[in-house]
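J.: Just passing along the structure, written as structure tokens.
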């Protein structure tokens, strides 16, 4: 088995100011408004990846919520949520512009129709390249198929990949609800009826 993961998972650690409890990544249930809590998975995942890029540990829950609120202003859910990688991308462009930064962005869409989907090895290669560059991914799942550990119509943060070279099995670890979960990626790919997508992104300092 080959395993690849982000190099510093501790960058996702968030400390509750009141209880000293530790979380792994942001949680959309921290949003204040009911609609935000219902539809805020996209901006929450974007906030996770921005937090990771800051390369620091022990950020407070209040600080992370400030970032979540900022991401909501740019990756704003429609009545169907953030249900495409394109909506996510447009929000990232808006966020990058607000910071005077450039944007590295790449994505792989998994269309609804099987015959239009990229091959599984291309999906694995995309995830692998991102993680090798120490970049967590945003993963959109519109239908979880037979994979019961995923919520449908939902974004999560992908932080590791483990697979056999012949691709007879492939699992990913995700952050969702401030905890880590293991997902059978091959099962999802073979059984999802609506697909989804994977996004890799990073802000770039224009002075670099």
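J.: In nm, give the distance between the simple-model label positions of residue 93 and residue 8, each being 7 Å from the Cα along the Cα-to-Cβ direction.
T.: Placing both labels 7 Å along Cα→Cβ, they lie 3.0 nm apart.
J.: What angle, in degrees between 0 and 90 and rounded to the nearest 10, separates the Cα long axis of helix 61-74 from the longest principal axis of the Cα atoms of the chain?
T.: 70
J.: Across the Cα atoms of the stretch 113-195, what radius of gyration and what greatest pairwise Cα-Cα distance (Dmax) are found, in Å?
T.: My reading of the Cα-based Rg and Dmax gives 12.0, 35 Å.
J.: Mind pulling the angle between the C-alpha long axis of helix 120-132 and the longest principal axis of the chain? Nearest 10 degrees, somewhere in 0 to 90.
T.: 30
J.: Between 0 and 90 degrees, rounded to the nearest ten: what's the tilt of helix 41-53 against the longest Cα principal axis of the chain?
T.: Once rounded, the angle reads 80 degrees.
J.: Follow-up question, since we're still on this one. Given an 8 Å cut-off on Cα distances and at least 6 residues of separation, report the relative contact order of the chain as a percent.
T.: 27
J.: Relative contact order for the stretch 19-77: what percent, with Cα pairs under 8 Å and sequence separation of 6 or more?
T.: 40
J.: Pairs of alpha-carbon atoms within less than 8 angstrom and 6+ residues apart define the contacts here; what relative contact order does the stretch 115-208 have, in percent?
T.: 30
J.: OK, next. Quick check on packing: order 136-145, 10-19, 176-185 by the mean number of other C-beta atoms within 10 Å, highest mean leading.
T.: For the peptides 136-145, 10-19, 176-185, the packing ranking is 136-145, 176-185, 10-19.
J.: What ranking of 123, 82 emerges when the number of other C-beta atoms within 10 Å of each C-beta is taken as an exposure proxy, fewest first?
T.: Ranked by crowding around the Cβ, least crowded first: 123, 82.
J.: Would you please classify the overall shape of the stretch 1-44 from the alpha carbon gyration tensor, given that a ≥ b ≥ c denote the square roots of the eigenvalues, rounded means a/c under 1.5, and beyond that prolate means a/b larger than b/c while oblate covers the rest?
T.: Oblate shape, in that a/c is at least 1.5 and b/c is the bigger or equal ratio.
J.: Here is a further query. Of 52, 105, how do they rank once you tally other Cβ atoms within 10 Å and put the fewest first?
T.: 105, 52
J.: Starting from the alpha-carbon convex hull of the stretch 81-124, give the projected area averaged over all orientations, in nm².
T.: Mean shadow area of the hull around the Cα atoms is 4.0 nm².
J.: Measure of size requested: the Rg and Dmax of the chain, with Cα atoms as the atom set and Å as the unit; please supply both.
T.: 16.2, 51
J.: Give the share of C-alpha pairs in each 10 angstrom bin for the stretch 1-106, from 0 to the last occupied bin, in whole percents, shortest bins first.
T.: 15, 43, 34, 9, 0
J.: Oh, and also: With a cut-off of 17 Å, note down the residues of the stretch 71-102 whose backbone N falls inside the zone around a label point 7 Å from the Cα of residue 33 toward its beta carbon.
T.: Backbone N within reach: 71-82.
J.: Could you calculate the FRET efficiency of residue 164 with residue 80 from 1/(1 + (r/R0)^6), where r is the beta carbon distance between them and R0 is 41 Å, rounded to 0.05?
T.: Given R0 = 41 Å and the Cβ-Cβ separation, E is 0.70.
J.: Same structure again: Separation between the residue 129 and residue 103 pseudo-spin-labels, each 7 Å from Cα along Cα→Cβ, expressed in nm?
T.: 1.9
J.: For n ≥ 4 DSSP H runs only, could you compute -39500 (n - 2.57) per run for the chain, divide by its residues and tell me the 222 nm figure to the nearest 500?
T.: Helix-only estimate at 222 nm: -10000 deg cm²/dmol.
All of the numbers you see were taken from the coordinates with simple rules; none came from a lab. Computed from a predicted model, the values in this text were never measured in an experiment. Glycine gets a Cβ as well: all are built from the backbone with ideal geometry, and neighbour counts include every protein chain shown.
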